[in-house]
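Engineer: The structure under discussion is supplied below as structure tokens; questions concerning it will follow.
No value in this document is a laboratory result; all are computed from the given coordinates. As the structure is a computational prediction, the values presented were derived from the model and not from experiment. Note that we place each Cβ from the backbone using ideal geometry, even for glycine, and neighbour counts take in every protein chain shown.
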Amino acid sequence: MPRVNKDSKATKRTSAKRTAIAGQASPARRHQLTAQELQQLAPIPETLRPGLDVLFVGINPGVVSGVKQLHFGNPQNFFWPGLFQSGLIPEAIQPEDGHRLAAEWNMSIVNLVQRTTPSTSDLSRQEMRDAVPELCRKISANPPRVICFVGKGIYEIFV
């Protein structure tokens, strides 16, 4: 009699159940784009002005963010819940409410690279390094009180 890995079956059932409950594919699966479609996505708008209290710096938009034209637009991303849980904003907001960061809380978000990719691993180290001077120019022209690099990967590019 063949051995059956019960944990594996349970994991598959749980995953299938989640998909059935959600009633649709994950955001990343819904937005599988060709390379040409990715290139045609416009950069996500940035709100930069002098005197921001906090400027969050990400690496680049993912596919869901690029399609929705929203920073950290994937509902599975922890940025927005983490921002509220940290106490930096007084209420939980969704990616669609991101414009409120600048309007109500004097914070904003920029990306090192504007190009949308399925993964940051689709960017070369050289492409990221080449984008540093432009980002530094933007920050120098609009100096915030605090710069917060969103993740270890973006920080390491600047070190």
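Engineer: Collect residues whose amide H, placed 1.01 Å from N in the peptide plane, falls under 5 Å from the amide H of CYS148; neighbours closer than 5 in sequence don't count.
Structural biologist: Here the answer is LEU55, PHE56, VAL57, since their amide H atoms fall under 5 Å of that of CYS148.
Engineer: Can you compute the modelled spin-label distance between TRP105 and GLN36, with each label point 7 Å from Cα toward Cβ, in nm?
Structural biologist: 4.1
Engineer: Sticking with this one: Apply the a/c threshold of 1.5 to the C-alpha gyration tensor of segment 42-159 and tell me whether it is rounded, prolate or oblate.
Structural biologist: It comes out oblate by the Cα gyration axes.
Engineer: Using a ≥ b ≥ c from the Cα gyration tensor of segment 104-159 (square roots of the eigenvalues), is it rounded, prolate or oblate, where a/c under 1.5 gives rounded and otherwise the larger of a/b and b/c decides, a/b for prolate?
Structural biologist: It is prolate, given that a/c is not under 1.5 and a/b is the larger ratio.
Engineer: Okay, next question. Once amide H atoms are placed 1.01 Å from N in the peptide plane, what residues at a sequence separation of 5 or more from ASN111, or on another chain, have their amide H within under 5 Å of its amide H?
Structural biologist: HN-HN under 5 Å from ASN111: GLY58.
Engineer: Right, something else. Using each residue's phi in segment 85-97, evaluate 6.51 cos²θ - 1.76 cosθ + 1.60 at θ = phi - 60° and report the 3J(HN,Hα) Karplus result to the nearest Hz, with x for Gly and Pro.
Structural biologist: 5, 6, x, 6, 10, x, 8, 6, 10, 9, x, 5, 9
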